[in-house]
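Data first, discussion second: the structure below is written as structure tokens.
Every number here is computed from the coordinates shown, using simple stated rules; none is lab data. Please read these numbers as outputs of a predicted model, since none were measured by experiment. Don't worry about glycine lacking a Cβ; one is built from the backbone with ideal geometry, like all the others, and counts go over all protein chains shown.
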Amino acid sequence: MLVVGGGPAGSTIAALLAQKNKHVVILEKERFPRFHIGESLLPLNLPLFDRLGIADEVERIGVYKPGAELISDEHNAATTFRFANNPYLSVGHSYQVRRSEFDKLLLDNSRRLGAEVVEGARVTDIALDGDRGPDVTATSEGTKTTWSARFLVDASGRDTLLTSKLGLKRINKHNNTAAVFGHFRNVPRRPGDKEGMITVYLFEHGWFWMIPLRDDVMSVGVVGTQAFFKERRANLDVLFESAVAATPTLAAHMANAERLGPLTACADYSYDSQSYVGENHILVGDAAAFIDPLFSSGVMMAMSSAAFGATVVEKLLDGRGSRRRLVRDYESKIRHSLNSLSWLIYRINSPLLRDIFMSSFDLFNTRHELITILAGDFYERRSLLSPLRRLQLAYGCLFVLSKFGFRLSHANTVVSADG
Ligand SMILES: Cc1cc2nc3c(=O)[nH]c(=O)nc-3n(C[C@H](O)[C@H](O)[C@H](O)COP(=O)(O)OP(=O)(O)OC[C@H]3O[C@@H](n4cnc5c(N)ncnc54)[C@H](O)[C@@H]3O)c2cc1C
């Protein structure tokens with residue numbers, strides 16, 4: 001079996017299939033460690049770390065993350081979501097990691113479990129209809145090699161090798177954002193036990209993340225609408241500074257910030273694929289779908305889709321189970337998780353959802369239930385009144401009330417949902 005891409009999705013599926021005695025080769029274009037964005041993990045990553053046997057090592061390289069804090073200058077308010085207060089899950093924390101270290105740890109672990117890993121091998125061509133299965137051509141140091149495999153896993157991330165080649169990629173126009181980010185020193189952490197939390201600062205045209213990393217480094221990034229970036233056709237530094245200036249609480253925290261390297265920019269639009277499984281291939285992680293990083297869901301979705309995908313591939317290769325059912329279950333899990341998150345993400349710049357997040361008035365106890373979603377529980381369809389449905393109900397009621405002039409109050413309060 002051949003896996004293209006050795007990020008969290010590729011190394012997870014490779015490790016799980018190698019554990020099942022499948023012959024797995026990963027082709028990865030970079031040599032690790034390499035920089036990657038996506039440093040804030042979720043609690044439901046932890047059971048996967050246990051399964052892969054890397055829980056202690058992730059703890060060693062990570063910063064303990066007990067939750068998330070949302071700050072809005074417009075509301076003059078802050079809301080804290082503590083994972084330990086989620087009503088359904090036994091995991092109550094996660095970690096912030098440098099992806100260079102984390103991804104290397106995962107890739108080396110897949111090697112340890114029996115996968116063959118070829119770094120510095122860029123896949124340049126895929127023919128899905130080879131004699132025995134897919135033929136994949138990779139270039140390494142100027143030499144081309146063609147690999148034949150029974151089954152192909154596309155874990156190429158936002159390069160989306162297969163969806164682009166097959167014309168299956170659907171870009172979501174509702175979520176058309178861009179991001180600029182960098183690492184900084186001299187940015188104070190949040191006080192007390194909020195020290196390891198991710199802080200999200202809302203501002204008029206988007207939001208900022210602040211993620212504390214080891215060695216007193218703070219990762220800071222801004223995600224704004226394309227309109228915000230286009231209106232300010234400036235260089236990255238000026239653009240970033242203007243977003244900081246538009247967010248006074250964040251600007252105060254960054255008053256003495258010292259940047260550790262150049263800023264990086266990327267388009268951040270969401271997309272998915274029309275289908276995720278073909279005759280002899282499967283898409284996992286960002287190669288299948290990408291959604292705005294507001295809820296730090298990317299690595300969790302990459303690793304969990306890889307874990308679901310490992311079961312599908314194992315059964316398909318062994319000729320066990322109904323192919324139709326395996327494919328249908330896999331596709332519906334991924335789509336359900338995307339739908340749950342996108343409802344929230346599309347509305348994050350709307351005044352009503354921001355009011356709900358920031359107000360101390362908690363209609364239908366939605367704020368506590370929301371912690372479950374924020375912890376990474378995107379796949380469960382628990383009941384008619386799931387956490388998301390409660391929020392949608394509250395949103396609907398408040399939307400109707402807003403037509404009669406009602407608005408949630410929040411002025412000059414610092415609210416907390418931490419029980
Ligand atoms: C601005 C921003 C902020 C984010 N913040 C967070 C966050 O805080 N928390 C979070 O969980 N997620 C976050 N994400 C999302 C996260 O980065 C991804 O969801 C996650 O990395 C997906 O893992 P993956 O393995 O699918 O893809 P990747 O991690 O991108 O891995 C894909 C791998 O494939 C390799 N590859 C690509 N093309 C080829 C080729 N042709 N041949 C060989 N190898 C190839 C690449 O080199 C790469 O190593 C963020 C994303 C963005 C854009």
Mean 1/r over all different Cα pairs, inverted: what Kirkwood radius does the chain give, in Å? 22.3 Å
Just need the relative contact order of the chain here, percent rounded to a whole number, with Cα pairs under 8 Å and 6+ apart. 22 percent
Looking only at Ala289, Ala252, Ala84, which one moves most when the chain is put into a Gaussian network model with springs between Cα atoms under 10 Å? Ala252
Cut-off under 5 Å, modelled amide H: who pairs with Asp73 long-range: Leu202
Excluding Leu202 itself, calculate the net charge of residues whose Cβ lies under 15 Å from the Cβ of Leu202, where each Lys or Arg counts +1 and each Asp or Glu counts -1. -4
Tail beyond 16 Å, pair distance distribution of the stretch 225-338 (Cα, percent): 69 percent
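Among all helices in the chain defined by DSSP H, which have a length of 20 Å or more along the axis from Cα atoms plus a Kyte-Doolittle mean of at least -0.5? Show your work: numbers first, answer last.
On the way: long enough: 298-318 (30 Å, 1.04); 323-346 (34 Å, -0.77); 387-402 (22 Å, 0.86).
Membrane-span-like by this criterion, though nothing is claimed about a membrane: 298-318, 387-402.
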Which order do peptides 199-207, 391-399 fall in by mean Cβ count within 10 Å, highest first? 199-207, 391-399
Apply the Kirkwood formula to the stretch 142-229: the hydrodynamic radius equals the inverse of the mean of 1/r over all pairs of different alpha-carbon atoms; give it in Å with one decimal. 16.9 Å
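From the Cα trace of the stretch 1-47, what convex hull volume per residue do you get, rounded to a whole Å³? Spell out each step's value before the answer.
Details: hull volume 4.1 nm³, N = 47.
Spelled out: Cα convex hull of the stretch 1-47, divided by residues, is 88 Å³.
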Equivalent ellipsoid dimensions for the stretch 177-267 as semi-axes, Å, which come from the Cα gyration tensor, largest first: 22, 14, 11
Lysine pairs in the chain with Cα atoms under 21 Å, if 8 or more residues apart or on separate chains: 12
Using per-residue counts of other Cβ atoms within 10 Å, averaged over each peptide, order 294-302, 147-155, 134-142, 269-277 from highest down. 294-302, 147-155, 269-277, 134-142
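Under the definition of Cα pairs under 8 Å and six or more residues apart, what whole-number percent is the relative contact order of the stretch 177-267? Please list the in-between numbers first.
On the way: 153 pairs, mean separation 38.9, N = 91.
Normalised by residue count, the contact order of the stretch 177-267 is 43 percent.
What's the local net charge at Phe35, with K and R +1, D and E -1, over the other residues with C-beta under 10 Å away?
Values: positive: Arg34, Arg98, Arg99; negative: Glu30, Asp103.
Local net charge: +1.
What's the FRET efficiency of Gln274 with Glu241 using the Cβ-Cβ distance as r and R₀ = 45 Å, to the nearest 0.05? Can you show the working numbers first?
Values: r = 40 Å, r/R0 = 0.90.
E between Gln274 and Glu241, to the nearest 0.05, is 0.65.
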Pairs of Cα atoms under 8 Å, at least six residues apart: use those to get the relative contact order of the stretch 276-408, whole percent. 21 percent
Estimated [θ] at 222 nm from DSSP helical runs (n ≥ 4, -39500 (n - 2.57)) normalised by residues in the chain, nearest 500: -10500 deg cm²/dmol
